Protein chains: 2
Amino acid sequence: MRILVTGADGFLGRGLVAALAAGRIPFERLVLTDRLLGSAVPDGAEAIAGDLADPMFLETLLEPEFDLVFHLASVPGSLAEREQDLGHHTNLLAPLALARGVAARRPGARFVFASSIAVYGDLGAAPVTAQTPTSPLLTYGAHKLMTEVLLSDMTRRGVLSALSLRFPGIVARPVRDSGHGSAFMSQIFHAIADGREYECPVPAHSTCWWMSRQAAVATLLHAAELPASGQTVVQPPVLYASLREVADAVSRVTGRPALLRWGKDEILRRTFGAMPPLNADPARALKFQADADLETLARAALSGD
Amino acid sequence: MRILVTGADGFLGRGLVAALAAGRIPFERLVLTDRLLGSAVPDGAEAIAGDLADPMFLETLLEPEFDLVFHLASVPGSLAEREQDLGHHTNLLAPLALARGVAARRPGARFVFASSIAVYGDLGAAPVTAQTPTSPLLTYGAHKLMTEVLLSDMTRRGVLSALSLRFPGIVARPVRDSGHGSAFMSQIFHAIADGREYECPVPAHSTCWWMSRQAAVATLLHAAELPASGQTVVQPPVLYASLREVADAVSRVTGRPALLRWGKDEILRRTFGAMPPLNADPARALKFQADADLETLARAALSGD
């Protein structure tokens, strides 16, 4: 098995690389790529930095004819909204070029794409499924949706075997991570664990979808090994809870009080904090799993794994 | 008003250009473009041939900073399915480059995009609306859908004012037109009018959505002049009828019998001849109109206009 991980130096990428390096999927070659590679490269893996939308770099990168690609690289939503050319390049042109390049060299390769719940946009109150109509409110979500459409079409034609996973904001990202409008979802974990006060920009009753990095990595690995099912877009199961419920769980797990003040940013609330419930039965039928409960989520989010 | 028409030498483009040249929308400049331009250029219009995905050509083409763009250029579905690189270039990269180029030079320009009902893919029996879930069965439809998503996002950001119109197969295309899997929809008009026998690849009870070129041109012009409504994807009204009903209407209008034999091509039937009814109320509310009835359609389709 020859495996490629893009965005290998990102938050999700580092978690996936650790699991792969630990032997979670046996590999003949494991190649890591990112715009910049700052993390240590595990034994047995190879690392090469570059721009996926650069045809010369792609030619070099794809020489091993990968059987399995995890495409995690992207510019986060808020940053992509401000820097439209960067977003277009990294979140649209790069995945299109990568997917076509992989398919040309190794037709039928498994291509696991980290898509996003940003594809949905304004959701009503009805439970969400992968069939819920999409109407992205951010260019980031539009680009993810366009990539999903391309990957589904390539899978229909048999040139790739792609799975697009619609991830929520993964917690808890490092405090220094920026560019994510959903950063508050991670900050509440760190603030409570550190005994810090934190001014959360949205109200306590805001409802979000929650997933730890461990659950996200397990989702990626499961997608890599899943037999082709005809389902190319998967809405993985998540935990559904308000910020207050999550803050309470973090307090219980850490034994520290939540020193949080709640804000009223309506745009952020509407974009990230007004999620309806999720019907993830189709994904559960394929054996995808969420974190077991909020305390498990809190422990996982704070473990650093 | 500075107007650009791409695909100006195609079937729909020639009809639109005739209406514009006749003064249907007053213009200061009317620029026509296509890969090749074989038709006569009307008085007052300018024509320039080239490849929209070529940045150098686009730079020259967009110099007038257009207020209104009709983007009709595309490679038809069957051809794009066989020639994937050509389809990717013309049906995906070209509209992306054009839309971004237009927006960069004239933010807020009206951009009317000829999308396609191929975005839907396998439809059930329930009436279709623009909210019906999309699952394209052809790369052509996937590229149209991806372009719609980009245009909706650009409209949300205010950099364009785009409308994507989901057209059915337009009738009656010239007999020589190739590359369209739905060619049979046009051939039955010509065969009956010419008194020719014709072997239709799908059964007589196949149901299609019908629109004459006159109705399609009226739809494009209406979209150009419509105030921004927040609706960026429009499913225009069409006539809903079986092939047999349409053949009967053509016979009544021409006074000639239909010398048709019906085939059983299941792929073509599923792709083009298994359409459910359409609920076009949202488009009707915006004053879009279908052909008045099947005999009006037959007369229009055979008029050559």
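The values are calculated or read from the model by the stated rules, or taken from the named source; none is laboratory data. Please read all numbers here as calculations on a predicted model, not as lab measurements. Note that each Cβ is placed from the backbone with ideal geometry, even for glycine, and that neighbours are counted across all protein chains shown. The area values use the complete protein model at the heavy-atom level, side chains included, leaving out ligands, DNA and RNA. Shrake-Rupley method; radii C 1.70, N 1.55, O 1.52, S 1.80 Å.
Annotations
- Positive contributions from Lys and Arg (+1) and negative ones from Asp and Glu (-1), summed over other residues with Cβ under 14 Å from the Cβ of A:Met275, come out at +1.
- Site pair A:Arg29 and B:Ala126 shows an inter-label distance of 4.7 nm when each label is modelled 7 Å from Cα along Cα→Cβ.
- Counting Cβ atoms of other protein chains within 10 Å of each Cβ in B:120-133 and taking the mean gives 1.
- Centre separation in Å (Cα based) which lies between segment B:159-232 and segment A:17-78: 46 Å
- Whether segment B:205-305 is rounded, prolate or oblate, judged on the alpha carbon gyration tensor where a/c under 1.5 counts as rounded: oblate
- Take the Cβ atoms of A:Glu197 and A:Lys287, set R0 to 35 Å, and the FRET efficiency comes out at 0.25.
- Solvent-accessible ranking of A:Thr60, B:Thr90, A:Thr254, largest area first, probe 1.4 Å: A:Thr60, A:Thr254, B:Thr90
- Taking amide hydrogens as placed 1.01 Å from N in the peptide plane, the amide H of A:Gly181 sits under 5 Å from those of A:Gly77, A:Ser78, each at least 5 positions away in sequence or on another chain.
- CD proxy at 222 nm, helix term only [per DSSP H run n ≥ 4: -39500 (n - 2.57); per residue of the protein assembly as shown; nearest 500]: -11000 deg cm²/dmol
- For GluC sites (Glu not before Pro), the sites in segment B:29-75 that DSSP calls loop and that have at most 15 other Cβ atoms within 10 Å are B:Glu65.
- Between the Cα long axis of helix B:213-225 and the first principal axis of chain B there is an angle of about 30°, rounded to the nearest 10.
- Here the spin labels are modelled as points 7 Å beyond Cα on the Cα-Cβ line, and at A:Leu259 and A:Ala18 they lie 2.7 nm apart.
- Protein-only accessible surface at a 1.4 angstrom probe places the residues A:Asp54, B:Asp122 in the order B:Asp122, A:Asp54, largest first.
- For the rotation that carries chain B onto chain A, the axis lies closest to a Cβ at B:Met146, 2, where the number is the distance in whole Å.
- All aspartates and glutamates inside 17 Å of A:Lys287 as judged from Cα atoms, apart from same-chain residues fewer than 8 positions distant: A:Glu225
- Computed over segment B:1-128, the P(r) tail beyond 20 angstrom holds 45 percent of alpha carbon pairs.
- Between B:Glu295 and B:Arg82, the contour length at 0.36 nm per residue exceeds the Cα-Cα span by 73.1 nm.
- Shape of segment A:67-109, Cα gyration tensor, a/c cut at 1.5: prolate
- Calculated label separations, B:Gly195, copies of the chain, 7 Å along the beta-carbon direction, nm: 10.0
- Cα-based values for the protein assembly as shown, radius of gyration first and Dmax second, are 26.2, 88 Å.
- Loop-located GluC sites (Glu not before Pro) in segment A:136-214 (DSSP state other than H, G, I, E, B) with a sparse environment of at most 11 neighbouring Cβ atoms within 10 Å: A:Glu197.
- Taking chain B as a Gaussian network of alpha-carbon nodes connected by springs under 10 Å, the highest mean-square fluctuation of the residues B:Val69, B:Val149, B:Val112 belongs to B:Val149.
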